[in-house]
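The values are calculated or read from the model by the stated rules, or taken from the named source; none is laboratory data. Note that this is a predicted model, so its numbers are computed, not measured. Cβ placement follows ideal geometry from the backbone for every residue including glycine, while neighbour counts extend to all protein chains displayed. To get the accessible areas, we keep the full protein, side chains included, count just its heavy atoms, and leave off ligands, DNA and RNA. Shrake-Rupley method; radii C 1.70, N 1.55, O 1.52, S 1.80 Å.
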Amino acid sequence: MSTLDIAHHQAALALRVRQFHARLQDQLDEALEQCGMTLRAKTTGIVQLLYQEGPCTVGHIAETLRYSRQLAMQRLNWLIENQLAVSQRDPGDRRRRLVSLTDAGRREGEMLQAFIPRLSASFADLFAETGFDLNEAIDTADRALATTPLIGRFPDA
């Protein structure tokens, strides 16, 4: 590989991460469907949270999953449109809205509980094949960038 190819390869990291994310998301959606679920990969975190904790505010969902409020709302809207979740006023504080799973959403949540160990095993297989745990690598890189952003890593910084 020439120096130009290596530089391009490294400079295209964000693009390659997006492409990997798209492949992973597509394959997760396919696996969910093959296991009888209507959930999309992008909504499983919210369903898991609501399944485990019960009704939550949008703010709690966003904070817990480290989503922007806008992203949390987009994903919640998908769940609501597909009748897997509902949003209602909090009886204890009428200014707040609580999101909860519908009966159909709880059934999806139950199926998700059986899906998660199978998914974990499939990731373990992938990590064994690649020789590293991608979760650990992402966490390490994220902490490193939080400490020293990319611009601080420039040779002339």
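Projecting the Cα positions of A62, T140, L24 onto the charge dipole of the chain (unit charges on Cβ atoms of Lys, Arg, Asp and Glu, taken about the Cα centre) puts A62 furthest along the positive direction.
For the peptides 105-111, 93-99, 12-18, the ranking by packing is 105-111, 93-99, 12-18, with the highest mean count of neighbouring Cβ atoms within 10 Å listed first. Taking each residue as 0.36 nm, the span from E33 to R94 lengthens on full extension beyond its C-alpha to C-alpha distance by 18.2 nm.
Taking all protein chains into account, the per residue accessible area for the chain stands at 70 Å² (1.4 Å probe). Were the residues from Q52 through Q25 laid out at 0.36 nm apart, the gain over their Cα-Cα distance would be 7.4 nm. In this Cβ point-charge picture (+1 for Lys and Arg, -1 for Asp and Glu), the chain has a dipole of about 740 debye about its Cα centre. For the pair D125 and N82 in one chain, pulling the backbone fully straight at 0.36 nm per residue adds 12.2 nm over the alpha carbon distance.
Across the stretch 124-131, rounded Karplus estimates of 3J(HN,Hα) from the backbone phi angles (6.51 cos²θ - 1.76 cosθ + 1.60, θ = phi - 60°) give 4, 5, 4, 5, 5, 5, 7, x Hz, Gly and Pro being marked x.
What is the calculated FRET efficiency for T140 to L65, with r their C-beta to C-beta distance and R₀ = 22 Å, to the nearest 0.05? Step by step, r from the Cβ atoms, then E = 0.60.
Taking chymotrypsin sites (Phe, Trp or Tyr not before Pro) across the stretch 122-157, the ones in a DSSP loop with at most 13 further Cβ atoms lying within 10 angstrom of their Cβ are F132.
From the coordinates of this entry, Cα extents along the principal axes in Å is computed, and it appears in (1) 65, 38, 29; (2) 60, 53, 19; (3) 61, 37, 22 under the label (3).
Springs join every pair of Cα atoms under 10 Å in this Gaussian network model of the chain, and among A22, A72, A11 the largest mean-square fluctuation is at A11. Proximity of backbone amide H atoms, modeled 1.01 Å from N, is registered between R96 and D90 at under 5 Å, excluding neighbours fewer than 5 places apart on the same chain.
Taking every C-alpha pair closer than 8 Å and separated by at least 6 residues, the mean separation divided by the residue count of the chain gives a relative contact order of 17 percent.
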